[in-house]
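Quick notes on the structure that follows.
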Amino acid sequence: MNKESTVKEKRKTHEKLNNAITVICILAIMISILAVVLITKDRFGKKPFSYPDSLGKTVIRVDDDEVTLKEISYYILVAETNVNAAAQEYNSNNMEAYWNMNLHPKYVRSHIRELIIDACTRDNVYYQEALTAGYTLDDAMKQEIRENAVEEMNKLTDGQRQYLQYTEEDMITVLTKIYYARWYVTDLMNQGYTQEELDIDGSYYKKVQKKYKIKVYNSLWEKVPIGNVTINQDYQ
């Protein structure tokens, strides 16, 4: 092979190498662009969380009994009302300061979020315990629950009622479970158990709780803006 042929071969090899590098660079750029498009689509393509649209979704499951966001909304309502009263006393000009207070190791908002789940779960566990034990409401009890439901519904503002989409029957459903749970707990206390033993961190409750398969759907629950559901809303 003469010198001229060698030079031509080297030139061809160099051109092929340059072409390969160019192709690789183009592919890398295309992949980068595609990745950006997919990330942007994923980020902006997701619908923002809507509380009213999520009311029918399950937040807690206790065995086969599902607690929807609508049902637990009553617990949110009670908690937010009570905490906001304390926030008003703490700083009436900036009630968010109380909600965002660090209690070490948790902030007030996080603490209330956990308490709501725990209280609702406890009531549903004791509700099922009562049913298993054969508890049955008589007409007087049903009437009492209905009257309480009417009273609670009357406390709701028009905005809250519309936002939570609560009806009197929805309120009766929630208060019925709570009635059973309190009835069952009262009977246990009459048998000698203490309130501490029966409450969320109590030894009796922890023992009973193990009988049930309990699941909290945190992917939904963590999106719920505690402190801004039934209060601090534009609809009010």
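What follows is calculated from the coordinates using simple rules that are stated; it is not laboratory data. Just so it is clear, the structure is predicted and the values come from calculations on it, not from any experiment. Please note: Cβ atoms are built from the backbone with ideal geometry, for glycine as well, and neighbour counts cover all protein chains shown.
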Note to self: Can you work out the Karplus-derived ³J(HN,Hα) for every residue in segment 194-209? Use 6.51 cos²θ - 1.76 cosθ + 1.60 with θ = phi - 60°, whole Hz, and x for glycine or proline.
What the structure shows: 8, 4, 5, 5, 8, 7, 3, 9, x, 5, 5, 4, 4, 5, 5, 4
Note to self: Test of the criteria: in segment 171-236, which trypsin sites (Lys or Arg not before Pro) are in a DSSP loop and have at most 12 other Cβ atoms within 10 angstrom of their Cβ?
What the structure shows: LYS210, LYS211, LYS213
Check: Which pairs, out of LYS155/LYS210; LYS142/LYS211; LYS57/LYS206, put more than 31 Å between their alpha-carbon atoms?
Finding: LYS155/LYS210
Notebook entry, point to check: Projected onto the charge dipole of segment 52-221 (+1 at Lys/Arg Cβ, -1 at Asp/Glu Cβ, origin at the Cα centre), which of HIS104, ILE117, GLN88 gives the Cα projection farthest towards the positive end?
Noted result: HIS104
Margin query: Using DSSP to call loops (not H, G, I, E or B), can you name the trypsin sites (Lys or Arg not before Pro) in segment 85-161 whose Cβ has at most 14 other Cβ atoms within 10 angstrom?
Written below: LYS106
Check: In straight Cα distance, which aspartates and glutamates are under 19 Å from LYS70, not counting same-chain residues fewer than 8 positions off?
Finding: ASP53, GLU80, GLU114, ASP118, ASP123, GLU151, GLU152, ASP158, GLU168, GLU169, ASP170, GLU222
Item checked: Only Lys, Arg (+1) and Asp, Glu (-1) charged, at Cβ; segment 179-227 dipole about Cα centre in debye -> 380 debye
